[in-house]
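Scroll down for the structure; my scribbles are underneath it.
Each value in this text was obtained by applying a stated rule to the coordinates, not by laboratory testing. Keep in mind the model is a prediction, meaning the values are calculated, not measured. Counting neighbours? That spans all protein chains shown, and the Cβs are built from the backbone with ideal geometry, glycine included.
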Amino acid sequence: MRLVLSQLIDQLKMPHAPGKTQPYPRLRNFLLDALAEGKRKHIAHVMLEADIGGIKERLAERRQRGEAPVSMTSYIAKSFASAIETDKRMQAYRLGQSRLVVFDDVDFAFMIEREWKDEPIPVFYIVRAAQQKSASDIHRELQAARETPLGTDGPMNALEMQFFLLPRFLRKAVWFVIRRNPYWFKDVAGTAAVTSMGMYTAGAAVGIPITPMTLTLTIGTIEKKPALHDGQLMERDMVHLVLSVDHDIVDGAPLMRFAERLKQLLRDGTALLPPA
């Protein structure tokens, strides 16, 4: 026993391992809040692959023709918005114990990196009424948001930043009120979420999110795989996706029907058609 205590004291006397101490970015509190809210829900996940063969070529052809650019993320997001528009209950939220609020507009919360004090910080950016916008509109809006430093795009943004600098107990009190009012939650966080991780790696990969939303789409990597197309086996581009839902609101059968509808939209390229 004495030998163990002696060794422990000797270790405590040793100099600290090389490294440095730096402040934890307080603006990351928004992410901690989102994770805390997400852990409160019964989230179910379904992993799927969608055939997007030929879509990358069509996006490249648009650029060559000088048309408004469309990223793969904005293409998938527009397809996602179109799928939700046909079944808006997928983005419903509970109001009390006995009612649901089903919103008409699809307000997407995107996870993007923005600069704050010369450091990239992951934050939510909300694209409002995404079902009414084209894929190029969504791409343009997200690109502008990524290039705009935090706190420089309006007083409301600056006010939101100040909120996330508050102590945790004050933020918890505010979230307690917001989560009970779907209309306020929509204003703060949107109605559905989209996060894309596929551009950071290769091969088969996709994340499983912790999300406070009723419906979240996580976009993974794209890889070439053999698949049937027009009755023939050929190599096709397949995107890995995860759909995450609040199981208190969305059941398995509606989720799978929604997944099939989303896969059909992604395969057909409907999101690249001109707005009606």
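Whole-Hz Karplus values for the stretch 45-62 come out as 10, 10, 9, 8, 10, 10, 7, 10, x, x, 5, 4, 5, 5, 5, 5, 4, 4 Hz, taken residue by residue from phi with 6.51 cos²θ - 1.76 cosθ + 1.60 and θ = phi - 60°; glycine and proline positions read x. Residue by residue, the stretch 36-42 carries 3J(HN,Hα) couplings of 5, 5, x, 5, 7, 9, 8 Hz when phi is fed to the Karplus relation 6.51 cos²θ - 1.76 cosθ + 1.60 (θ = phi - 60°); x denotes Gly or Pro. Working ranking of peptides 96-104, 18-26 by packing, defined as the average number of other Cβ atoms within 10 Å per residue, highest first, is 96-104, 18-26. If you count Lys pairs in the stretch 24-271 whose Cα atoms are under 20 Å apart, skipping same-chain pairs closer than 8 places in sequence, the total is 21.
Please report the net charge: other residues with Cβ closer than 13 Å to the Cβ of Arg40, K and R +1, D and E -1.
+2
The 3J(HN,Hα) values that the Karplus relation (6.51, -1.76, 1.60; θ = phi - 60°) gives for the stretch 179-186 are, in residue order, 5, 8, 10, x, 5, 5, 4, 4 Hz. Gly and Pro appear as x. When every Cα-Cα distance of the chain is counted in 5 angstrom steps from zero, the calculated P(r) takes the values 1, 5, 11, 15, 16, 15, 11, 8, 5, 4, 3, 2, 2, 1, 0, 0, 0 percent. Helix-only arithmetic for the chain: the sum of -39500 (n - 2.57) across DSSP H runs with n ≥ 4, divided by the residue total, places the mean residue ellipticity at 222 nm at -11500 deg cm²/dmol. Compared with the dominant principal axis of the Cα atoms in the chain, helix 168-178 is inclined by about 30°.
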